[in-house]
Structure formats: C-alpha cells, structure tokens
Amino acid sequence: MVEHTTAATHAVVTLDVALPGIVWGWMITLNMWAKSIATGVILVGVYLLKKYGERVEGVKTLMPVASFIFLNIFLLFTLLDLHHPFRMVNIFLHPHFTSAITVGAWLATILTGIIFVMAAGRVLNKLNDELYNKLMWAAFIFAVPVTLYTATIMGEAAARELWQTPTELMQMALAAFIGGSALYLILGVGDRNVKRDLAIVLAVSASLSFIVYMGEYYFGAMKAEEVAATIAFVKSGGEYHTMFWIGQYLGYIIPVALVIFGLRNRSQSLLALASVLALAGLWIAKHVWLVIPQLLNLS
C-alpha cells in the first residue's frame, strides 16, 4: 500500500503491514507438487538409465515428456498466483540474483528449455545418443537446485518459524524421489527388477519424509513458541488435524505397507496403488504444512 511518493527522487514509500488471511494457498501447493514430480522424474530416470540401460529404453522418451508436462504445470500456477503476473518479465530483464525467487526462475526456465529439446528430439527422432546424454546430464544438474530452491524461499519467509531451510531442503528432495518413483510405477516402467528398485526408492523416501514430519510434530515446539502455536493447528483437532493425518497415512504410512506387501507378492497392482496414494498424500501433506503457519496472527 503506497503511503506517499517523493517527486525529486521518484521514491515510493510503502507501509510494511501484515497481509491478512492465507496468501500462499492451493496454487502454491500444486506448484510444489508438480515441481516435485517434474524433477523427480529426471532424477529417478537418470538412475534407471545408468543402471539398466537398454532394458528401460522407453524412459528416454518418457522422462523428458513427463517432466516437460509437469514443469509447465509448475510454471503455469506460479504465474497465475502472482498478483501482477506480467511483471515477472523483470526477473529476466532486470534480475537481482540475491533473491531465491529470481535464481529459481532462471534455473527452472533453463531446465524447461533443456527438457523441451530432449522431448522434441525423442518424439521427432532427431536426437542422437551422444547429444541426448549430454542434455540428460545437464537436466540432472539443473533438476537438483530447481527441486530445492523453494525450501530457501520458505526459509526466508518472515515470522514463519516452522519453515526452516535445512528441514525443507530434505522434504523437497524426498518429495522429488517420491514423485518420480511413483509416476514410473503407475506407468508400469521396466521389468520386475526395475519395479523393485522403484518401489524401494518410494518406500525409503516416504519413510524418511514421515520421520521428519513426526520430528517436527512432536519436538518442533522445543524450537520456538511460534512453532508450538503453529503445530497446535494440527494437534488440537479440527480441519487441519484431520487433513494432516490423512496426508500422513495416504502419503507415507499406507504406501510403505503396500510396497512391502507388493514386493512380497510380486504384485504390480499393489505397487501402483501405493504410488497413487503417495502422490495424493504428498499433495495433502504439503498443503497442510504450507497453510498452517499462515493461520497465526502476526501482530
């Protein structure tokens, strides 16, 4: 809100006031969810291609196509959530690389361009293996910071003690591995050994993510009073209590159990079900964690 301007310097003085209500809502949740899948498909896909080679030849096309789709979902909802979306061009015309948002926007744009070339080249059969491999490793390198940079933005948020950058970095990385492995399992990529590896990645990532959430849930109050007040929104009953535990069960607990039974019984159906639930639970868990700090009165 503009208070006044100074004619001589054209400086604009604003009032630094708290914004009421939830500013980062479901669009940002969808943004992070889609980004996790887009980058996870790359990270897990490179692992599959390096380990199994010709046995997962289809991944060479599936990886860039799927990643391109989810990257554009991520970028679209990032743009739609902005109050002045056309001003985003200034990130590229007048960049300030001290901002995590600017750095992330540049990295995500470069990654999307690389993935587009890979996807178009595979679909049109115009990309030789040597060039594909060079682009694949470039995509892998850029996918790592793209999936992590949101944690830095959350950590920079003022008066949001629940969002700590080191913890969020781990959750972003684990979400990418959950998203990538789950999508490949849903699409039925590879033979039994490939599916076993994907299932193990899904189960281990989900288990670690659940452990981090439980650590915050039970011990976060020791860090700061604000964290205790924030966690109270999911401890004291009500809408977010229910949503939090639905996310934990759908995203982490049930998928891990289904993976164990699926591997024992060699059941692709159970692994696919675990993957669908993991993706649904991931969205719910991230949404609760995004919203509850914004419910606190900052005055």
Of the residues GLY237, GLY220, GLY262, which single one is surrounded by fewer than 17 Cβ atoms within 10 Å (Cβ to Cβ), farther than 23 Å from PHE70 by Cβ and of a type in the set (Gly, Ala, Ser)?
-> GLY237
What is the number of the single condition among (1) touching a residue at least 40 places away in the same chain (Cβ under 8 Å); (2) crowded, with 21+ Cβ neighbours inside 10 Å; (3) assigned to a helix (DSSP H, G or I); (4) not hydroxyl-bearing (Ser, Thr, Tyr) that VAL194 does not meet?
-> (2)
Of VAL44, VAL65, the only residue that is modelled with pLDDT of 95 or more, within 29 Å of TRP283 (Cα to Cα) and surrounded by fewer than 19 Cβ atoms within 10 Å (Cβ to Cβ) is VAL65
Go through region 127-149 and count every residue that is in a loop (DSSP other than H, G, I, E, B) and either surrounded by 15 or more Cβ atoms within 10 Å (Cβ to Cβ) or acidic (Asp, Glu) (or both).
-> 1
Within region 122-152, tally of residues that are in contact with a Phe, Trp or Tyr (Cβ under 9 Å, 6 or more places away or on another chain) and either free of Cβ contacts under 8 Å to residues at least 24 places away in the same chain or under 30 Å from ALA228 (Cβ atoms) (or both) = 1
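Of the residues that make up region 161-178, is at least one of a type outside the set (Phe, Trp, Tyr), over 24 Å from THR39 (Cα atoms) and either surrounded by 15 or more Cβ atoms within 10 Å (Cβ to Cβ) or within 20 Å of the chain's Cα centre (by Cα) (or both)? Walk me through how you get there before you give the answer.
Initially, region 161-178 is screened for residues of a type outside the set (Phe, Trp, Tyr), giving 161-162, 164-176, 178.
Now drop any that are not over 24 Å from THR39 (Cα atoms), which leaves 161-162.
Among the residues that remain, those that are also either surrounded by 15 or more Cβ atoms within 10 Å (Cβ to Cβ) or within 20 Å of the chain's Cα centre (by Cα) (or both) are: 161-162.
So far as region 161-178 goes, yes, one or more of its residues are of a type outside the set (Phe, Trp, Tyr), over 24 Å from THR39 (Cα atoms) and either surrounded by 15 or more Cβ atoms within 10 Å (Cβ to Cβ) or within 20 Å of the chain's Cα centre (by Cα) (or both).
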Assess whether VAL212 counts as being assigned to a helix (DSSP H, G or I) and surrounded by 20 or more Cβ atoms within 10 Å (Cβ to Cβ).
-> no
Just to be sure, is ALA224 in contact with an Asp or Glu (Cβ under 6 Å, 6 or more places away or on another chain) and in contact (Cβ under 8 Å) with a residue 24 or more places away in the chain?
-> yes
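The values are calculated or read from the model by the stated rules, or taken from the named source; none is laboratory data. The structure presented is a predicted model; accordingly, all values stated were derived computationally and were not measured. Note: ideal-geometry Cβ built from the backbone for every residue, glycine included; neighbour counts use all protein chains shown.
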